[in-house]
Amino acid sequence: MKKFRIMLVVVILLFVCNINLYAASLGSKLLTPTEGWKRVNDSDSRISYIGELYYTNWSHGTVYDGDIHGQTSPDQQQICFNFTGTKIRTYGVGYSGMNNGNMIIIDGVEYEMANWSQLPNNDMGLTFEKTDLEDKEHYVKIVGNGSERMYFDCVDIDENAQLKSYNENVIIEPSLDIESVSKIKEGQELVADIVIHNVSDIYAEDIKIKYDANLFQYVGYENVEGLEVYNSPEDKNGELRFIIASKGKENVAKDNTIIIKLNFKATKAGEGLIDITQGHIANINEEFDIEEKKCGEKNIIIEEVKDVNLNGEFTLIDLAIDGYYYGMSAADTNTTKYHADVDDNGDIQDVDLKLIVCELLSNSNYEPNN
């Protein structure tokens, strides 16, 4: 009986996993939005329909909220709206003789939608999904290819996003962001890339950074090719300022350009913040501020480092153990006795030995330090 229960649980888990996998594929019949998404019905007034598209209650199968917008004219049709956020899903209805060449255009970029033969006959199904868009307002057109018919049911977007009326002339505000790892160990170094977005012709930047000096040590910065820091940055108790310029017109800062790389070392376990507190940028005609809400920040978790022989402190013995295991997989070490993989990346490498030495030098109980 116990074996039967275990087998039943395994079967149920496999079934659930298969459902979750299927839910992300084209043609999936998702009657409700999945976690992290929200749904907008085809009848929403913010969605514009151009051409011979009509609204109808649908009695031939299962659709969201019981209605769809359909098209039977051979003329090209358009469905238009804007939305904010980073992801979108659209849904239609499968039917014999359906249009197989519909296109979705997001911010002027064309993507093919599902072949309608992939959709459930007379039922709703996923016709398009994209989950890696920039976090901003996007404009969308769904365009029919002029064949027999097209049925549109609903759209899913980020749960905290907004659907808006169609507008190609979206005002996109410049922003600054920090890109780096989200988790490191005590003693490790990280690189924080400062990235500028939604610009096209910027040749100078003046930015201020604030970081948690109790958890991080500022190590320095790296110039990006074609850009250079022209002031002499001073670390004023966790506050930094960088004035940067392009070196020639071909090195213009445009959308998604890394303008500087900052190096920090994690000195203590905890959760630390690196924050862009101010951004001022200029093209050859004018200069302007980046709004405070558009200046990004990065929270980084710093994990405590466990010593190798698990006696509670780092000594030369810990370094010797990792020297012995150097180049080996963590799985091939004596994991019941040692924590040789100090950085928990699966292998014993230079980074592990460097972390040990860093901790050893800060150990007041290690006699050669006194």
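For Phe264, which of the numbered conditions (1) assigned by TED's automatic domain parsing to the domain that holds Tyr211; (2) surrounded by 14 or more Cβ atoms within 10 Å (Cβ to Cβ); (3) at pLDDT below 95 fails to hold? Condition not satisfied by Phe264: (3). Among the residues of the stretch 187-208, are any of a type in the set (A, V, I, L, M), at pLDDT 95 or above and assigned to a loop (DSSP other than H, G, I, E, B)? No, because not a single residue in the stretch 187-208 is of a type in the set (A, V, I, L, M), at pLDDT 95 or above and assigned to a loop (DSSP other than H, G, I, E, B). In the set Asn345, Asn311, only one residue is surrounded by fewer than 11 Cβ atoms within 10 Å (Cβ to Cβ) and either assigned to a helix (DSSP H, G or I) or not assigned by TED's automatic domain parsing to the domain that holds Lys254 (or both); that residue is Asn311.
For the stretch 277-292, filtering for residues that are of a type in the set (A, V, I, L, M, F, W, C) and surrounded by fewer than 22 Cβ atoms within 10 Å (Cβ to Cβ) leaves 3. Can you confirm whether Asp322 is on the phi < 0 side of the Ramachandran plot, assigned to a helix (DSSP H, G or I), touching a helix residue (DSSP H, G or I) at 6+ places or on another chain (Cβ under 7 Å) and of a type in the set (D, E, K, R)? Yes; evaluated as a whole, the condition is true for this residue.
Of the residues screened, Asp153 is not one that is farther than 30 Å from Asn121 by Cβ and either acidic (Asp, Glu) or assigned to a strand (DSSP E or B) (or both).
Taking the criterion of being surrounded by 15 or more Cβ atoms within 10 Å (Cβ to Cβ) and modelled with pLDDT under 80, the residues of the stretch 121-140 that qualify are Asn122, Asp123, Met124.
Listed here are the residues, each with its yes/no results for (1) at pLDDT below 85; (2) surrounded by 11 or more Cβ atoms within 10 Å (Cβ to Cβ); (3) in a helix (DSSP H, G or I); (4) not basic (Lys, Arg).
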position	(1), (2), (3), (4)
Arg5	yes, no, yes, no
Val10	yes, no, yes, yes
Thr34	no, yes, no, yes
Tyr55	yes, yes, no, yes
Gly61	yes, yes, no, yes
Asp65	yes, yes, yes, yes
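The values are calculated or read from the model by the stated rules, or taken from the named source; none is laboratory data. All values derive from a computational prediction rather than experimental measurement. Virtual Cβ from ideal backbone geometry, glycine too; neighbours counted across all protein chains shown.
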